[in-house]
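Written below as structure tokens is the structure these notes are about.
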Amino acid sequence: MAGNSTHPGRSVTSKLSAILLVLCDGGEHTLTEIAGSTNLPTSTTHRLILQMLAWRLIERSEDRGYRISFA
């Protein structure tokens, strides 16, 4: 399987898009919820979330959830 995914050949772009689509509902989600909703391993989800935090695409709440950043 390519890229540590449950779907062979899944691109990084498709993984990032899947995470963003989960977060687009306007709510907050935990790392585990995001990983489960996207069918990605938790470690992959965490790595991609850290990159999206650095790019300020998403933000982490005080409750340790993640949401889309509007800053």
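Every test in (1) on the phi < 0 side of the Ramachandran plot; (2) modelled with pLDDT of 95 or more is passed by C24 save one, and that test is (2). Considering only residues that are polar (S, T, N, Q), outside any loop (DSSP other than H, G, I, E, B) and open to solvent by 10 Å² or more (accessible area, probe 1.4 Å), which ones fall in the stretch 39-71? Scanning the stretch 39-71 gives T42, S43, Q51. Screening the stretch 49-71 for residues that are under 14 Å from E28 (Cα atoms) and of a type in the set (F, W, Y) and picking the one that is farthest from the chain's Cα centre (by Cα) gives F70. Residue pairs whose Cβ atoms lie under 9 Å apart, separated by 6 or more positions or on different chains, with the first residue in the stretch 1-27 and closer than 19 Å to R56 by Cβ and among the charged types (D, E, K, R) and the second exposed (fewer than 10 other Cβ atoms within 10 Å of the Cβ) and modelled with pLDDT under 90, do not occur. Residue pairs whose Cβ atoms lie under 9 Å apart, sitting 6 or more positions apart in sequence or on different chains, and linking a residue in the stretch 29-45 that is under 13 Å from S14 (Cα atoms) to a partner that is among the β-branched types (V, I, T) and open to solvent by 40 Å² or more (accessible area, probe 1.4 Å), are N39/T6; L40/T6; T45/T32. One residue stands out in the stretch 1-21 among those that are in a helix (DSSP H, G or I) and in contact with a Pro (Cβ under 9 Å, 6 or more places away or on another chain): the one that is modelled with the highest pLDDT, namely N4.
The values are calculated or read from the model by the stated rules, or taken from the named source; none is laboratory data. Everything quoted here is computed from the prediction, not taken from an experiment. A quick note on method: Cβ atoms are made from the backbone with ideal geometry, for glycine too, and the neighbour counts reach across all protein chains shown. With ligands, DNA and RNA removed, areas are computed over all heavy atoms of the protein, side chains included. Shrake-Rupley method; radii C 1.70, N 1.55, O 1.52, S 1.80 Å.
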